[in-house]
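Participant: My questions will all concern the structure given below.
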Amino acid sequence: MCEMNWKGNMVMKLRTMRRHVSESLKSLTRNGWMTFASVSAVTVSLILVALFLMVMFNLNKIAGDIEKDVEVRVYLDRSTTPAQQNQLEEQLKQVKNVQSVTFQSKKKGLNNLLSSLGSDKGTFEDLQKENPLPNVFILKTRQPQQTIMVANEVRHYPNVQDVRYGKGTVEKMFKFINIARNIGIVLILGLIFTSVFLIANTIKLTIVARRREIEIMKLVGATNAFVRWPYFIEGLIMGILGSVLPVLLVIVVYHFAYYSLSSNLSQMFISLIPFQTMAVNLSLLLVGVGGIIGVWGSLSSVRKFLKV
Amino acid sequence: MDDMIVMQNVWKAYPNGVMALNGIDLSVKKGEFVYVVGPSGAGKSTFIKMIYRELKPTRGKIIIDNKNIASLRERQVPYFRRKIGVVFQDFKLLPKLTVYENVAFALEVIEERPVYIKKRVMEVLDLVGLKHKLRSFPDQLSGGEQQRVSIARSICNRPPVLIADEPTGNLDPETSWQIMDVFKRINLQGTTIVMATHNKSIVDSIKHRVIALEGGMIVRDELEGEYGYEA
């Protein structure tokens, strides 16, 4: 009766899809207030998700940055000869839990310092002539927690003038992030479930309104998939509509926060996630989560009705 | 061979323990017209629902068009349904759609081509004599006309079997005759028709095979039979 060649099939699919989309738009407008309530619920949830994630992502990045900087700096005695220096390097490489040993000459150290000072460096230009910094070995450990042990061991090696390492800052930070994350997750999950529930209810209304239609569809042999599609689309649209405002908010808020905070923070050697990266990734994530909430809600209420 | 509907030892028990059908054996040939009669609660509705697989038998085989639908998988049911037309006492039309749209709906949801739908809907509306009312809405039609629309919808996919559950139950006698006339035309085109009815005058005057159910069993099966109960 109908040829199932590739083209015919594609044309049919497109027409069917148009039908499904127009059916779902119709019922979205028909149940206007319920649609509005569900979309608002998704919006509220996603706004909180967005604010939470903006903070969490940055805290994570900062912690990561600091963690990367957790290292044991071994300052060498000024009288150390090159041979002694090589011998010490070999010794350091043998120490347990040391991942890497990098040599930083006093000249390089000075350059690093000067460049981190930015525009103020002119004042310190004179130091070039008489470098007050010592040569340094920078040790990275396998785990941040191992720095203390390594530092204590290395301290007694010959030609070592001083040993320095970051104490506990990272651990404290991670502890804080963990607590904040757990509270946030519980809160957000609650909100997401509420949104799913509201969407499920809205879809249920449209299903009840079209109960006879579904009955006839099933009677004349429409597949379950065919019956399900409009509701699926309806949920998806509600979820995605709900993510519009949160996405705009992310763009505005993060733009503001990033450009007003990052210059202050950079003096503390901390950098935030760049505006564009955050805007793009978080927006996609929000649209995705919105879509999932919508589809989840709609499918959960259609399932019950299709079991005839 | 020429059997369209075959039931072999079909039993149906409802979850609440009621035994609706108790070992039905029967065969209906291609192109046959069968009345199913019997008092209320005799199992007529269950019997009818088995044929379009609204219900599954607890035990036994139901073979339609050489396929045992008792063992049909859930996802195959829609494709099986396309081979069965069903007409009800309450018409089941969509009030917001016109006559034309109500019939076309049945073809649209199984994704037929628009060109074919247009042609086929006009054909079946012509067959039931409602071509001139295609833009009317169901509430602008008489009961008999509404039932004819629902018959048009049930046969638009050219099903080999038409099931009618009390099709004249809501209609006055004269209109009922018109409906029977439509069924006759459909039957003459080779469609097998199974009609559950309480209408004594129709069964007694338009002679066809009569199957009488009582207590979930076939108590009578006669070619050219009579209604056999008090109206």
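The values are calculated or read from the model by the stated rules, or taken from the named source; none is laboratory data. Note that this is a predicted model, so its numbers are computed, not measured. Glycine also receives a Cβ, built like all others from the backbone with ideal geometry; neighbour counts cover every protein chain displayed.
Participant: Would you mind finding the one in A:E90, A:E67 that is at pLDDT 85 or above, among the acidic types (D, E) and in a helix (DSSP H, G or I)?
Facilitator: A:E90
Participant: Is it the case that some residue within segment B:176-193 is hydroxyl-bearing (S, T, Y), surrounded by fewer than 18 Cβ atoms within 10 Å (Cβ to Cβ) and free of Cβ contacts under 8 Å to residues at least 60 places away in the same chain?
Facilitator: Checked against the condition, which is being hydroxyl-bearing (S, T, Y), surrounded by fewer than 18 Cβ atoms within 10 Å (Cβ to Cβ) and free of Cβ contacts under 8 Å to residues at least 60 places away in the same chain, segment B:176-193 yields no hits at all.
Participant: Okay, next question. Are any residues in segment A:64-85 under 24 Å from A:Q146 (Cα atoms) and without any contact (Cβ under 8 Å) to a residue 60 or more places away in the chain, and if so, which ones?
Facilitator: Within segment A:64-85, A:G64, A:K68 qualify.
Participant: For segment A:218-228, indicate whether the set of residues that are of a type in the set (F, W, Y), over 17 Å from B:F105 (Cα atoms) and in the same structural domain as A:V302 (by TED's automatic domain parsing) is non-empty.
Facilitator: Checked segment A:218-228: no residue is of a type in the set (F, W, Y), over 17 Å from B:F105 (Cα atoms) and in the same structural domain as A:V302 (by TED's automatic domain parsing).
Participant: I would also like to ask the following. Failed condition for B:I206, given (1) touching a residue at least 12 places away in the same chain (Cβ under 8 Å); (2) over 23 Å from B:K30 (Cα atoms), with all others met?
Facilitator: Status for B:I206: all satisfied but (2).
Participant: Considering every residue within segment A:73-90, establish whether at least one is of a type in the set (V, I, T), touching a Lys or Arg at 6+ places or on another chain (Cβ under 8 Å) and surrounded by 12 or more Cβ atoms within 10 Å (Cβ to Cβ).
Facilitator: No: zero hits.
Participant: Do we find a residue being at pLDDT below 85, surrounded by fewer than 15 Cβ atoms within 10 Å (Cβ to Cβ), within 14 Å of another protein chain (Cβ to nearest Cβ) and in a loop (DSSP other than H, G, I, E, B) anywhere in segment A:5-18?
Facilitator: Scanning segment A:5-18, I find at least one residue that is at pLDDT below 85, surrounded by fewer than 15 Cβ atoms within 10 Å (Cβ to Cβ), within 14 Å of another protein chain (Cβ to nearest Cβ) and in a loop (DSSP other than H, G, I, E, B), so the answer is yes.
Participant: Which number in (1) more than 25 Å from A:R228 (Cα to Cα); (2) surrounded by fewer than 18 Cβ atoms within 10 Å (Cβ to Cβ); (3) within 14 Å of chain A (Cβ to nearest Cβ) marks the one condition that B:R75 misses?
Facilitator: Status for B:R75: all satisfied but (1).
Participant: Additional query: Return yes or no: is A:I237 buried (at least 19 other Cβ atoms within 10 Å of the Cβ), more than 14 Å from every other protein chain (Cβ to nearest Cβ) and modelled with pLDDT under 90?
Facilitator: no
Participant: Across segment B:113-122, what is the total count of residues that are surrounded by 15 or more Cβ atoms within 10 Å (Cβ to Cβ), in a helix (DSSP H, G or I) and of a type in the set (D, E, K, R)?
Facilitator: Residues meeting the conditions: 1.
Participant: For segment B:138-231, which strands (runs of 3 or more DSSP E) that fit wholly inside it have 3 or more residues that are under 14 Å from the mean Cα position of the chain (by Cα) and within 14 Å of another protein chain (Cβ to nearest Cβ)?
Facilitator: B:161-165
Participant: Then there's this: Can you name the condition, by its number, that B:T58 falls short on among (1) under 26 Å from B:R75 (Cα atoms); (2) touching a helix residue (DSSP H, G or I) at 6+ places or on another chain (Cβ under 7 Å)?
Facilitator: (2)
Participant: Within segment A:214-234, take every residue that is among the charged types (D, E, K, R) and touching a helix residue (DSSP H, G or I) at 6+ places or on another chain (Cβ under 8 Å) and give me the one that is farthest from the other protein chains (Cβ to nearest Cβ).
Facilitator: A:E234
Participant: In addition: Take the conditions of a type in the set (G, A, S), in a loop (DSSP other than H, G, I, E, B) and either modelled with pLDDT of 90 or more or farther than 26 Å from A:S298 by Cα (or both) and apply them to A:S271. Does it pass?
Facilitator: Yes; evaluated as a whole, the condition is true for this residue.
Participant: Given B:V109, B:V161, B:V115, B:V182, which one is touching a helix residue (DSSP H, G or I) at 6+ places or on another chain (Cβ under 9 Å) and more than 30 Å from B:Y229 (Cα to Cα)?
Facilitator: None of the other options fit; the residue is B:V109.
Participant: Restricting to segment B:27-44, name every residue that is surrounded by 17 or more Cβ atoms within 10 Å (Cβ to Cβ) and under 22 Å from B:N68 (Cβ atoms).
Facilitator: Of everything in segment B:27-44, those that are surrounded by 17 or more Cβ atoms within 10 Å (Cβ to Cβ) and under 22 Å from B:N68 (Cβ atoms) turn out to be B:V28, B:E32, B:V34, B:V36, B:G43.
Participant: Output the residues belonging to segment B:96-112 that are over 17 Å from A:R211 (Cβ atoms), more than 7 Å from every other protein chain (Cβ to nearest Cβ) and not in a helix (DSSP H, G or I).
Facilitator: B:T98
Participant: If B:V128 satisfies all but one of (1) buried (at least 23 other Cβ atoms within 10 Å of the Cβ); (2) within 12 Å of chain A (Cβ to nearest Cβ); (3) of a type outside the set (F, W, Y), what's the number of the condition it fails?
Facilitator: It is condition (2) that B:V128 fails.
Participant: Take the conditions closer than 26 Å to A:Q267 by Cα and either small (G, A, S) or touching a His at 6+ places or on another chain (Cβ under 6 Å) (or both) and apply them to A:S105. Does it pass?
Facilitator: Yes, satisfied.
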